[in-house]
Amino acid sequence: MKKLLILLTGLLLSASLYAERPIIQDIQAKASKGTKINVYWTLPKNPDEKISKYVLYRSTKPVYSYYDLKDAQKIADLTPDSTGYTDSVKDYKDYFYTVISYTNKPYEYVLVSVNTTATGVHLIMKEKPAEQKKTEPDEKLYKNGTMRETPLPFLDLLSGMDEEEEQISEESIEAVALLSDKKKNSSAENFTPYFFEEDLISPDGGDDYLLFTVLKNTFVQEKYEQALSQLQTLVKRNISAKVLNRAYFYMGEAYFFLGNYEEAVIAFIHVAQTYPVETSKWINKSLDSIYIYN
């Protein structure tokens, strides 16, 4: 019993001393709207030393000791009564945040989840705003036997495809033929990447996370050659049909922005039945671009 009382007394004393240290507690970081990340914490109660300020650091790696802050970026000096800060970043990297208290000198004490975040936080990918619709002349209809004024280029849509790959259905090919007869804008500029809603927020894991990582590290940063290479590797894996379809769609976009419009059409045809609305404008634009630039 005596040993138990001594142990409890020691634990209570340790807890009391810990609570009075000049160090913030319960630090958290969460992504907000746009380019903002909110960092907030709880102030220490009755610190045994007067705090003159707090210094907030941002890093791309976890911080386990004061020494690790040598690679971190100092982003703000804050008053002793500050309980939070809104940071602004321009990319989708994972960031870690640390708050160091200053008395007459920096209080070189770092505890994970106490005054430094345990996990990284990154911005949430947002769908880019839709293009403003332009006023176009009414679509011209052609009677049977009448030639189109600006004929579309011939495309061998099935050439170069592996025999082992799934064959494109006749319905998809017919759909492309119908789409090809529509009047199209002659400019391939001002086209922005399209993102499916499922890929705007980081998933917990699985095939969706693999695709999200590829998009975040390459596609969002307009590194289309790298995106295409990684997407080609991804579609060869045993992934779910939903993720596979979205990956083929992004491959089509990557081909388009790289100027390889024929391959773009082939990629979009793979998913024309699954995403008829989304693929229609990309197929039309790709076909039109082939005529313009060839």
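In the stretch 19-34, the residues that are within 17 Å of T119 (Cβ to Cβ) reach residues that are of a type in the set (D, E, K, R) and surrounded by 14 or more Cβ atoms within 10 Å (Cβ to Cβ) with C-beta atoms within less than 9 angstrom, at least six apart or across chains, in these pairs: A29/D87.
Of the residues making up the stretch 20-43, those that are under 17 Å from F96 (Cβ atoms) and basic (K, R) number 2.
Listed residues L69, L141, L111, L178; which is closer than 24 Å to E20 by Cα and either at pLDDT 90 or above or open to solvent by 100 Å² or more (accessible area, probe 1.4 Å) (or both)?
Going through L69, L141, L111, L178 in turn, the sole match is L69.
Looking only at residues of the stretch 114-131 that are open to solvent by 50 Å² or more (accessible area, probe 1.4 Å) and at pLDDT below 85, we find that the one that is farthest from F212 (Cα to Cα) is E131.
Do any helices (runs of 4 or more DSSP H) lying entirely in the stretch 233-294 carry at least 1 residues that are among the β-branched types (V, I, T) and open to solvent by 50 Å² or more (accessible area, probe 1.4 Å), and which ones are they? I'd like the intermediate steps shown before the answer.
On the way: elements: 241-257, 261-270, 276-293.
Hits in the stretch 233-294: 276-293.
Does A29 qualify as being open to solvent by less than 30 Å² (accessible area, probe 1.4 Å), under 24 Å from L200 (Cβ atoms) and of a type in the set (A, V, I, L, M)? Answer is yes for this residue.
Listed by first and then second residue, the pairs with beta-carbon distance under 7 Å, at least 6 apart or on different chains, first residue in the stretch 64-83 and without any contact (Cβ under 8 Å) to a residue 24 or more places away in the chain, second open to solvent by less than 40 Å² (accessible area, probe 1.4 Å) and of a type in the set (D, E), are I75/D87. Against the conditions (1) closer than 30 Å to K93 by Cβ; (2) part of a helix (DSSP H, G or I); (3) open to solvent by less than 50 Å² (accessible area, probe 1.4 Å), N217 satisfies every one except (3). Sub-7 Å Cβ pairs linking a first residue in the stretch 184-201 that is of a type in the set (A, V, I, L, M) and assigned to a loop (DSSP other than H, G, I, E, B) to a second residue that is open to solvent by 40 Å² or more (accessible area, probe 1.4 Å) and at pLDDT 75 or above, at least 6 apart or interchain, are L200/I124; I201/I124, ordered by first then second residue.
Y40 meets the stated requirement of being under 22 Å from I124 (Cβ atoms) and either at pLDDT below 90 or open to solvent by 70 Å² or more (accessible area, probe 1.4 Å) (or both).
Does K134 satisfy the condition of being at pLDDT below 90, under 24 Å from the mean Cα position of the chain (by Cα), basic (K, R) and part of a loop (DSSP other than H, G, I, E, B)? When the stated conditions are applied, K134 does not pass them. For the stretch 44-79, the set of residues classified as closer than 11 Å to F96 by Cα, assigned to a loop (DSSP other than H, G, I, E, B) and of a type in the set (K, R) consists of K61 only.
Let's see how each residue does on (1) among the small types (G, A, S); (2) over 21 Å from L211 (Cα atoms):
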position	(1), (2)
F249	no, no
G252	yes, no
F256	no, no
A264	yes, no
A272	yes, no
Y275	no, no
K285	no, yes
I290	no, yes
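In the stretch 17-43, which residues are assigned to a strand (DSSP E or B) and either over 17 Å from G84 (Cα atoms) or not aromatic (F, W, Y) (or both)?
Within the stretch 17-43, the subset assigned to a strand (DSSP E or B) is 25-31, 36-42.
Within the stretch 17-43, Q25, D26, I27, Q28, A29, K30, A31, K36, I37, N38, V39, T42 qualify.
Conditions tested, residue by residue: (1) in contact (Cβ under 8 Å) with a residue 40 or more places away in the chain; (2) among the charged types (D, E, K, R).
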residue	(1), (2)
A227	no, no
R237	no, yes
Y248	no, no
L258	no, no
V265	yes, no
I269	yes, no
A272	yes, no
D288	yes, yes
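The values are calculated or read from the model by the stated rules, or taken from the named source; none is laboratory data. What you are looking at is a predicted structure, and each value in this text was computed from that prediction instead of being measured. Cβ coordinates were reconstructed from backbone atoms using ideal geometry, including for glycine residues, and neighbour counts include every protein chain displayed. Accessible surface areas use protein heavy atoms only, side chains included; no ligands, DNA or RNA. Shrake-Rupley method; radii C 1.70, N 1.55, O 1.52, S 1.80 Å.
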